[in-house]
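The values are calculated or read from the model by the stated rules, or taken from the named source; none is laboratory data. These figures come from a predicted structure and were not determined experimentally. Note: ideal-geometry Cβ built from the backbone for every residue, glycine included; neighbour counts use all protein chains shown. Quick note on the areas: whole protein, heavy atoms, side chains included, nothing else; ligands and nucleic acids left out. Shrake-Rupley method; radii C 1.70, N 1.55, O 1.52, S 1.80 Å.
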Amino acid sequence: MDNLIDNLISRWEKAFDDIQHLPAFKAQVKTTLYAPGTRYNLEKYDQHSFPSNGALSKEKDDYEYGFSDLGLPCYMTFGNEAIKTLWEGYYKYTNNLAEYIEFNINTGVPSALTRITFENGRKITSQRLGINGKGTIYKPGQSREELIKEYKENDLFFFLITTTFEYDTDGRITRSVSNNVAPGLGKYSSYDEYAYTDNQLDKIRTFHEGGSNRLTYSRNRENLSKDALIEKLAQAMAQSIVSSLTHHETTSPLALLEINYHYADNYFPLLVSQSQQEVEQRLENGGEVFFHDKYDDSSPLDITSFEDYFAQMEQLMEEQDNWDIGRIALRRTAAILTETKLLGKIKTTTDFAAYAVDWTVEGGREDLEEILLECGVKPETLDLWKEKKFITE
């Protein structure tokens, strides 16, 4: 498998020359459609179909996709006006290989690369490379050789994943084995096990080094809409959170419950509760109630009871390139817990509140009140908290 990673990096180096092919693929475009986010992940291509990750429109939007006379995407482009950067990419198909290469037009760096190999109509391997910063890091006057050397010697630049697939006698994928490289994590391996019901892919479970595993694909058997899925997930998550908190030993009523997550990365809820006594102690010591460092004692929530809905939410976020779906689901969960006072099963203060927040991108004083309102806190409660100095102007 390491050979696949080495091969992928080698292909990336050669891809610097392939930027010259962009005009030829752009010339193949017969139809153009638009979307607010990414739509065609080459790993979904199977030589028979190429489903999009979401809806497309004739109305101009952030992402532009061009389709050949075969109806397959052959060209795409998107830009970032804030930093005046443009990316363009093309899709190339042969009998045994499908390839997508994306370029940062400003720097000429191949910012993304995906390769799928086929044998007798079956997907045998996939290789995916992404550049941290999407190729924006470039020093004026730097030669290609110097740039490649800098990227390869810095372990913060590459996201790499290579996968091989195994099949049963009916031609269905039963197992896949992956090697991964990620900034800050280094190299690690994983494998997926596939389960089918009525000859349809039903679930994929991913097993990581060290023995941990989680559901990474679950078929939407209930055919839930986005809103229905969010509500089902939020209700199930609220039940699980309350069950977890019943083991929380305190003689003082619970006053606050933080549901912490990492936007666009990790939506596994991390619970941090504060009792009335703890809140009062913080205020007496002149500390912040919401801005605290109480994470050493917290632990992640067991999501086993709602893992199907959680996996479906993650799929939907990826398919629609919409990371707000997870934020909405967690805030809806918090609202249920706030409005029901932990479903009435745990002793709480009269102004108890649960709230979902990622402090790294939100939750400053300018938007904390908005977050709390979305999480079920009433305006009059906010006024009371201001009087108590829970919230300071």
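Worth pointing out:
- Net charge dipole size for the stretch 97-174 [Lys, Arg +1 and Asp, Glu -1 on Cβ; Debye, nearest 20]: 180
- Cα long-axis angle, helix 379-388 against the chain (0 to 90 degrees, to the nearest 10): 70
- Whole-percent carbon and sulfur share, accessible surface of the chain, 1.4 Å: 47
- In this simple spin-label approximation, Val177 and Asp69 carry label points 7 Å from Cα along the Cα→Cβ vector, and these lie 4.4 nm apart.
- Too-long pairs where the Cα-Cα distance tops 24 Å, listed order kept, from Lys14/Lys139; Lys232/Lys388; Lys30/Lys226; Lys60/Lys203; Lys341/Lys389; Lys44/Lys139: Lys232/Lys388; Lys30/Lys226; Lys60/Lys203; Lys44/Lys139
- Compactness index (Cα Rg / 2.2 N^0.38 Å), the stretch 309-376: 1.25
- Of all DSSP beta bridges in the chain, antiparallel share, percent nearest 5: 95
- Summed over all non-identical Cα pairs, the Kirkwood treatment of the stretch 1-112 gives a radius of 14.8 Å.
- Amide H contacts under 5 Å for Ser275: Ala255, restricted to partners 5 or more places along the chain or on a different chain, H placed in the peptide plane at 1.01 Å from N.
- Average accessible surface area per residue within the chain, 1.4 Å rolling probe, Å²: 51
- Charge sum, other residues only, whose C-beta stays under 10 Å from Thr31's C-beta, Lys/Arg counted +1 and Asp/Glu -1: +1
- Sorted largest first, the spans of the alpha carbon positions of the chain along the three principal axes are 67, 56, 43 Å.
- Using Cβ point charges alone (K and R +1, D and E -1), the dipole size of the chain about the Cα centre works out to roughly 880 debye.
- Ranking Gln276, Ala264, Ala236 by Cα position along the charge dipole of the stretch 229-365, where only Lys, Arg, Asp and Glu carry charges on their C-beta atoms, puts Gln276 farthest toward the positive end.
- Inter-part distance where the stretch 312-353 and the stretch 155-219 are each reduced to a Cα centre, Å: 28
- Near Tyr261, once Lys and Arg are set to +1 and Asp and Glu to -1 for all other residues with Cβ below 11 Å from its Cβ, the sum equals -2.
- Cut-off 12 Å between beta-carbons: net charge of the residues surrounding Phe207, Lys and Arg +1, Asp and Glu -1: 0
- With the convex hull drawn around the C-alpha atoms of the stretch 160-255, the volume per residue stands at 197 Å³.
- Each peptide in 335-342, 78-85, 152-159 gets a packing score, the mean of other Cβ atoms within 10 Å over its residues, and the list from highest to lowest is 335-342, 152-159, 78-85.
- R0 of 51 Å, Cβ-Cβ distance Phe291-Tyr34: FRET efficiency to nearest 0.05: 0.80
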